[in-house]
1. For residues that are part of a strand (DSSP E or B) and open to solvent by less than 90 Å² (accessible area, probe 1.4 Å), scanning just the range 191-200, find the one that is modelled with the highest pLDDT.
2. Filter the range 169-190 for residues that are open to solvent by less than 40 Å² (accessible area, probe 1.4 Å) and in a helix (DSSP H, G or I) and give the result.
3. Restricted to the range 256-309, and to residues that are among the basic types (Lys, Arg) and in contact with a Leu (Cβ under 7 Å, 6 or more places away or on another chain), which residue is modelled with the lowest pLDDT?
4. Pick from Ala297, Ala255, Ala231: which is out of contact with any Phe, Trp or Tyr (no Cβ under 7 Å at 6 or more places or on another chain), farther than 26 Å from Cys127 by Cβ and not acidic (Asp, Glu)?
5. Looking only at the range 234-249, count every residue that is in contact (Cβ under 8 Å) with a residue 24 or more places away in the chain and surrounded by fewer than 20 Cβ atoms within 10 Å (Cβ to Cβ) and tell me the total.
6. For the range 150-168, how many residues are farther than 24 Å from Thr223 by Cβ, in a strand (DSSP E or B) and open to solvent by less than 10 Å² (accessible area, probe 1.4 Å)?
7. Against the definition (open to solvent by 70 Å² or more (accessible area, probe 1.4 Å), in contact (Cβ under 8 Å) with a residue 12 or more places away in the chain, within 19 Å of Gly291 (Cβ to Cβ) and within 26 Å of the chain's Cα centre (by Cα)), how does Asn11 come out, yes or no?
8. Within the range 32-72, which residues are assigned to a helix (DSSP H, G or I), open to solvent by less than 50 Å² (accessible area, probe 1.4 Å) and not charged (D, E, K, R)?
Amino acid sequence: MPKNLKIFTGNANPAIAREICEYLKVPLGAAEVKKFSDGEISVEIGENVRGADVFVIQPTCTPVNDNLMELLIMIDALRRASARRITAVMPYYGYARQDRKVRPRVPITAKAVAEMLMVVGTRRVLCMDLHAGQIQGFFNIPVDHLYAAPIILNYIRESFTDVVMVSPDAGGVERTRAFAKRLNAGLAIVDKRRERANECEAVHVIGDVKGKTAILLDDMVDTAGTLCGGAEILKKVGAKEVHACCSHAVLSGPAVERIGNSCLKSLLVTNSIPLKEEARRCEKITVLSVGALLGEAISRIHNEDSVSYLFV
């Protein structure tokens with residue numbers, strides 16, 4: 001059992017916290033995280049953390065604001081209880097899509113979240129598959145950025161042949177190219193263009209997918225509109241079958257229904273976010289665990305070892 005290492009979790013994803021503790025062979029820290037009748041969050045740490053190296057496991061997924069406040073309040077409580085170092089472990093970083101100003105008079109909320117985490121006493125952040133890598137630069141503290149790629153790549157190698165990796169939009173090309181290179185597979189891009197205002201999008205596929213197993217790759221699936229639309233056009237241009245891989249299963253709104261009714265054969269996600277009941281019942285969705293990956297990263301941070309060993 002690692003000396004002076006303590007793991008705590010809020011209510012966002014206790015299942016992955018238990019997996020991490022099982023991997024590290026440490027007990028889950030005692031903490032009571034609940035709400036008062038008016039909705040305010042109450043936190044009480046139930047054990048001594050003085051001088052400890054503390055990791056708080058809390059993805060800021062839906063309900064985003066509740067989970068973010070739980071994380072902030074837990075870190076404040078641990079700092080006031082004299083923890084030596086507090087690391088926020090965020091398998092999913094909420095508000096990551098608001099990483100720049102796309103219009104006048106809008107916030108950069110990903111930066112505001114980073115500021116809040118630092119102010120309450122976070123001394124290190126461990127996250128996975130950020131929507132935008134530059135979010136690391138919003139922090140003035142060390143950030144370890146993990147990727148689910150090794151786990152997803154192993155699954156693809158074992159499950160599919162004659163693969164072509166497909167980016168659902170121009171923004172994901174770099175990520176998809178990295179996967180294609182490691183799989184020695186082809187690369188394709190779904191190119192969507194709106195020729196004029198109020199006119200339908202012209203959709204093209206750049207690359208050869210005819211007769212092949214096309215695998216759409218993205219960092220997250222939210223409403224699933226992009227993935228399902230991409231799958232449809234890939235089938236139209238001759239892909240044998242279409243699958244999708246995403247690190248974060250946000251799955252909001254009509255996402256699960258869309259996936260169920262789409263021509264996607266399967267959707268591979270990780271357990272960075274807990275699946276809703278509706279998603280767990282969907283036969284097309286497969287979940288891979290990143291508990292061991294996060295556990296190994298925590299072990300290496302605690303022992304002051306290199307974390308880059310875990311990168312692809």
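1. Within the range 191-200, the first condition is being part of a strand (DSSP E or B), and the residues that meet it are 191-194.
Now narrow it down to the ones that are open to solvent by less than 90 Å² (accessible area, probe 1.4 Å): 191-192.
Values: Asp191: 85, Lys192: 73.
In this case the residue turns out to be Asp191.
2. Initially, the range 169-190 is screened for residues open to solvent by less than 40 Å² (accessible area, probe 1.4 Å), giving 172-173, 176, 178-180, 183, 185-186, 188-190.
The answer is Gly172, Val173, Thr176, Ala178, Phe179, Ala180, Leu183.
3. Residues of the range 256-309 among the basic types (Lys, Arg): 258, 265, 276, 280-281, 284, 300.
Subsequent filtering for residues that are in contact with a Leu (Cβ under 7 Å, 6 or more places away or on another chain) retains 276, 284.
Numbers: Lys276: 92, Lys284: 96.
In this case the residue turns out to be Lys276.
4. Working: Ala297 fails: farther than 26 Å from Cys127 by Cβ; Ala255 fails: farther than 26 Å from Cys127 by Cβ.
Ala231 is the lone residue from the list that is out of contact with any Phe, Trp or Tyr (no Cβ under 7 Å at 6 or more places or on another chain), farther than 26 Å from Cys127 by Cβ and not acidic (Asp, Glu).
5. Restricting attention to the range 234-249, the residues satisfying the condition of being in contact (Cβ under 8 Å) with a residue 24 or more places away in the chain are 234-235, 237-249.
Retained after the next criterion (residues that are surrounded by fewer than 20 Cβ atoms within 10 Å (Cβ to Cβ)): 235, 237-238, 240-241.
Count: 5.
6. 1
7. Details: open to solvent by 70 Å² or more (accessible area, probe 1.4 Å): yes; in contact (Cβ under 8 Å) with a residue 12 or more places away in the chain: yes; within 19 Å of Gly291 (Cβ to Cβ): yes; within 26 Å of the chain's Cα centre (by Cα): yes.
Yes: the conditions hold for Asn11.
8. Hits for the range 32-72 are Val64, Asn67, Leu68, Leu71, Leu72.
The values are calculated or read from the model by the stated rules, or taken from the named source; none is laboratory data. Being a predicted model, the structure only gives us computed values, none of them experimental. Reconstructed Cβ throughout: ideal geometry from the backbone, glycine too, with neighbour counts over all protein chains shown. When the accessible area is computed, the model is the full protein with side chains, heavy atoms only, and any ligands, DNA or RNA have been set aside. Shrake-Rupley method; radii C 1.70, N 1.55, O 1.52, S 1.80 Å.
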